[in-house]
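**Q** Supplied in structure tokens, the structure appears directly below.
The values are calculated or read from the model by the stated rules, or taken from the named source; none is laboratory data. Computed from a predicted structure; not experimentally measured. Note that we place each Cβ from the backbone using ideal geometry, even for glycine, and neighbour counts take in every protein chain shown. Please note that ligands, DNA and RNA were not included when accessible areas were found on the heavy atoms of the full protein model with its side chains. Shrake-Rupley method; radii C 1.70, N 1.55, O 1.52, S 1.80 Å.
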Amino acid sequence: YSFQYCKNIRIFNSEIDTKDAFWHSKNVYVKDSIIKGEYIGWYSSNLTFVNCIIESHQPFCYSNSVTFINCKMPNCDLEKTSIKGNVTGKINSIKNPRKASFKVEEIGELIQEKKNKHVHIKITGDVNK
């Protein structure tokens with residue numbers, strides 16, 4: 001559980017391959033890195049990823065203030081999170097985002113079981129491509 005409960009950390013040019021990285025962490029900044037693993041960043045707040053590749057099953061659930069700047073998220077399915085920024089490429093699915101304002105090239109599936117006025121997703125490509 002790498003970086004669990006950590007605060008005020010900065011990571012550059014790294015490859016992290018672990019389960020449950022950044023759980024309950026606060027004020028995390030990651031740049032030019034690759035992050036792989038299940039359940040990344042659950043219950044965390046103020047996470048920023050710049051020029052990163054993130055591969056994870058259900059990353060960032062129940063997290064607040066997650067920002068992606070020029071990131072790629074192959075094989076990711078986002079659920080119940082608060083996110084903003086831009087993602088290049090495809091996100092497999094987004095389910096019940098709590099608060100979102102970001103751009104993505106492609107979403108495999110967008111699931112909103114309950115309409116949320118705080119969700120603004122601009123898709124620059126095709127949904128279900």
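**Q** Before I look further, what does the chain give for accessible area per residue, probe 1.4 Å, in whole square angstrom?
**A** Accessible area per residue, the chain: 52 Å².
**Q** Here's another thing I want to ask about it. Roughly what percent of Cα-Cα pairs across the chain reach past 23 Å? Intermediate results must be reported in sequence, preceding the final value.
**A** Numbers: 1766 of 8256 pairs.
Every Cα pair in the chain considered, those over 23 Å come to 21 percent.
**Q** Okay, moving on. Can you figure out the FRET efficiency of I111 with D17, using R₀ = 35 Å and their beta-carbon distance, to the nearest 0.05?
**A** Details: r = 28 Å, r/R0 = 0.80.
The formula returns an efficiency of 0.80 here.
**Q** Then there is this: What distance in nm separates the two pseudo spin-label positions at Y29 and I69, each 7 Å out from Cα along the beta-carbon direction?
**A** 0.8 nm
**Q** Also, quick follow-up: Could you please state how large a percent of the accessible area of the chain is carbon and sulfur, counting protein chains only and using a 1.4 Å probe? Each step should come with its number before you reach the end.
**A** Values: 3010 of 6760 Å².
Roughly 45 percent, rounded to a whole number.
**Q** Given an 8 Å cut-off on Cα distances and at least 6 residues of separation, report the relative contact order of the range 1-123 as a percent. Working shown, then result.
**A** On the way: 403 pairs, mean separation 18.3, N = 123.
Worked out over the range 1-123, it gives 15 percent.
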